[in-house]
1. Any idea what angle helix 105-121 forms with the longest principal axis of the chain, computed on alpha-carbon atoms, 0 to 90 degrees, nearest 10?
2. Could you list 147, 354 so that the one with the fewest beta carbons within 10 Å of its beta carbon is first and the one with the most is last?
3. Can you give the FRET efficiency to the nearest 0.05 for residue 440 and residue 153, using r as the Cβ-Cβ distance and R₀ = 35 Å?
4. Against the longest alpha carbon principal axis of the chain, how many degrees, from 0 to 90 and to the nearest 10, is the axis of helix 269-283 turned?
5. Tally the DSSP beta bridges in the chain and give the antiparallel ones as a percent, rounded to 5.
6. Per 0.36 nm of contour for each residue apart, how much would the distance between residue 383 and residue 229 grow if the chain were fully extended, relative to their Cα-Cα spacing?
7. Sum -39500 (n - 2.57) across every DSSP H segment of at least 4 residues in the chain, then divide by the residue count to get the 222 nm mean residue ellipticity, nearest 500.
8. Against the longest principal axis of the chain, how steep is helix 242-254, in degrees 0 to 90 to the nearest 10, with axes from Cα atoms?
């Protein structure tokens, strides 16, 4: 942001760079065990699944965790097999950074995946290497500044209020409560704030998150389980089980949490891509029922993608360019199919086309209903020396904070007088805020108004232009007259 300013580009750039690292690590990991072709397919599957586009738009710390996990596990494999000191350093730097992003899960997940592989390989000596001690020291050094900060902010200030409590330890919260406490019940997110997820919530989330490659993965997973049983839970020579355990163990652990969101399961995606990529490489060129089924699925999926895009462009957010998009999307998909002659390449192309349109058209149109960016732009156009901006009765507006590069004070009913006694003031508010200001006898002028909707909670009424006004609310940008 120091280089590019407080822009959408700068905000998303770190996640995109870490995603590039994840794609590279997925390719190298798959190539290490399964060869060049599988490496390319695995990287393509990871980079073209639905969730990949989602988490590079809906920016969260999970994006860093996902890509650092596949990186650190790949580095571990290289160190284990070659003894590379650089890979050793990469392993524990990756783990340390992933812990900075998402807490102890950055260490737990690699241990689960690698531990399952050790169990299948019966490689007990790997557990007791003395090198793990300096590796953990590297992790500790990476975490040290954050731990000092947590101690100074919370442990050294027991009067600080956290989730309605005082005397909360920042270190305990980081290392235990925030992650494991959701399973044990120690976290308020597992009790008062629990969203009561079902036991298969994350499983169902994965099924759409890994589209269009989900069918391939399911077949690969069943084959892997079958091989495990047939071989009596013992790996063959050179066989890897990291990907299997990197999928199943985090899924089981996260499904025990009292609070779950869809993006929790994204952490398994690179490993799922390796399993599916290996299956596709082995089946590539084989005809018969397999090829017919895969081709039929690809046609159905591509038709659905085109249908969704047509629906968005023509009906959800009508565009004068709609017919151009409608012509270019199927043309591009079938052109790629003609060039490569591969059903799987055209399947990847369809999802890339889909999210190119989503990124270039749908999201910009959608975010107009978020309100904060528009309010920030309006304020910048009218601000002068000494003017101030507040939000009133609309709660926190993170997008407004972001585009203003500062925290915008948010006022409610309890401090109305302090707000309305200010001078040279611009206010971002809603209809109830206007009424409250009017009751105080304060004159104001409406500079502009927007339709507001909580864009993270899309529903059919909002997506239908005919019923959109039923679920949107007016937000106003006003200037108080003193």
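We did not get these values from a lab; they are worked out from the coordinates using the rules stated. Just so we're clear, the structure is a prediction, and the values are computed from it rather than from any experiment. Cβ: placed from backbone, ideal geometry, glycine included. Neighbour counts: every protein chain shown.
1. Between the helix axis and the principal axis of the chain, the angle is about 10 degrees.
2. Working: 147 15, 354 24.
If I rank by nearby Cβ atoms, fewest first, I get 147, 354.
3. On the way: r = 38 Å, r/R0 = 1.07.
So, using R0 = 35 Å, E works out to roughly 0.40.
4. The angle comes out at about 40 degrees.
5. Working: 15 of 22 bridges.
Of all bridge pairs located within the chain, approximately 70 percent are antiparallel.
6. Values: separation 154, 0.36 × 154 = 55.44 nm, distance 6.95 nm.
Using 0.36 nm per residue and subtracting the Cα-Cα distance, I get 48.5 nm.
7. Values: 22 runs with 282 residues, N = 482.
Rounded to the nearest 500, the figure is -18500 deg cm²/dmol.
8. 40
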